[in-house]
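Okay, structure first, notes after.
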Amino acid sequence: MSDSMELSTPEKDKTSSIHLRGELSKPPSRVLWLLKWLLAVPHIVILAFLTVAVVFVTIIAFFAIIFTGRYPRKSFDFVVGVFRWWWRVGFYAFSVLGTDKYPPFSLKPRDDYPADLHIDYPKKLKQWFPLVKWFLAVPHYFVLIAFVGYSQESTNLPGLGPILILIALIVLLFTGRYLKDIFRLVMGINRWGYRVSAYICLLTDEYPHFRLMD
């Protein structure tokens with residue numbers, strides 16, 4: 001393998017309309033991950049505002065789908081773009097930490113970046129589905145709590161994902177290696193989360209798969 005080796009998940013899964021790509025750098029820096037959360041702050045501030053906009057766009061799309069069976073294309077591209085931006089920042093700074101390449105400030109696809117996300121545009125959506133998707137996804141909420149964790153004033157339960165990332169970073173610090181098996185598991189957890197998010201945000205009628213690996 002070359003020094004720019006890719007450990008990645010399939011960019012296009014023919015069985016799914018949600019395509020999450022992540023390529024592990026070889027090797028990520030042993031110590032840069034200590035600062036990545038700080039370096040990502042400008043992205044997070046912008047994305048916080050964009051996420052508020054996504055809420056309003058989703059509300060408008062809710063009524064558009066009920067009355068027309070279609071998600072307005074420009075609104076769809078905007079929401080997918082915000083998802084894509086979040087994924088790149090997460091891959092860099094907190095949800096995977098699989099690359100040292102700084103994420104672009106962009107909603108657009110970027111083949112030259114190690115992480116990308118694409119959701120196929122649905123030409124037709126079931127008009128009554130927006131009324132029940134939040135309920136149909138309930139089983140996934142429990143799975144994602146186990147993966148991501150749960151926090152309230154009196155309860156703080158760490159999820160599998162943060163624990164795996166912590167183990168990977170400790171190993172990286174002392175050995176300079178990011179464990180490939182952990183990378184695959186963390187990618188699977190993120191893929192699952194984005195499938196559920198796309199479903200409840202009305203971007204697809206495809207019910208999320210109950211699996212980590214594609």
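Values quoted throughout were computed directly from the atomic coordinates according to the rules given, and no laboratory measurement underlies them. Fair warning: this is a prediction, and the values are worked out from it, not measured in the lab. Here the Cβ positions follow ideal geometry from the backbone for every residue, glycine too, while neighbour counts run over all protein chains shown.
Below are the figures for this structure:
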item: Failed item, numbered, when A48 is tested on (1) surrounded by 12 or more Cβ atoms within 10 Å (Cβ to Cβ); (2) within 30 Å of L166 (Cβ to Cβ); result: (1)
item: Scan of the range 172-189 for residues that are surrounded by 15 or more Cβ atoms within 10 Å (Cβ to Cβ) and in a helix (DSSP H, G or I), ordered by number; result: L172, I182, F183, R184, L185, V186, M187, G188, I189
item: Residue selected from the range 119-154 under the condition assigned to a loop (DSSP other than H, G, I, E, B) and of a type in the set (D, E, K, R), by the criterion surrounded by the fewest Cβ atoms within 10 Å (Cβ to Cβ); result: E153
item: Yes/no for R195 being of a type outside the set (V, I, T) and surrounded by 21 or more Cβ atoms within 10 Å (Cβ to Cβ); result: yes
item: The range 76-111 - residue that is in a helix (DSSP H, G or I) and in contact (Cβ under 8 Å) with a residue 60 or more places away in the chain and, of those, nearest to the chain's Cα centre (by Cα); result: W87
item: Of all residues making up the range 155-171, the number that are loosely packed, with under 14 Cβ neighbours inside 10 Å and hydrophobic (A, V, I, L, M, F, W, C); result: 5
item: Selection within the range 50-75 - in contact (Cβ under 8 Å) with a residue 24 or more places away in the chain and not in a helix (DSSP H, G or I); result: G69, R70, Y71
item: Verdict on G176 being touching a Lys or Arg at 6+ places or on another chain (Cβ under 6 Å) and in contact (Cβ under 8 Å) with a residue 12 or more places away in the chain; result: yes
item: Index of the failed condition, V54 passing every other in (1) over 17 Å from the mean Cα position of the chain (by Cα); (2) buried (at least 16 other Cβ atoms within 10 Å of the Cβ); result: (1)
item: Answer from F83, F62 - the residue that is under 12 Å from C201 (Cβ atoms), surrounded by fewer than 18 Cβ atoms within 10 Å (Cβ to Cβ) and not small (G, A, S); result: F62
item: D205 in contact with a Lys or Arg (Cβ under 6 Å, 6 or more places away or on another chain), in contact (Cβ under 8 Å) with a residue 12 or more places away in the chain and among the charged types (D, E, K, R); result: yes
item: Search result, residues across the range 65-75 that are among the aromatic types (F, W, Y) and surrounded by fewer than 20 Cβ atoms within 10 Å (Cβ to Cβ); result: F67
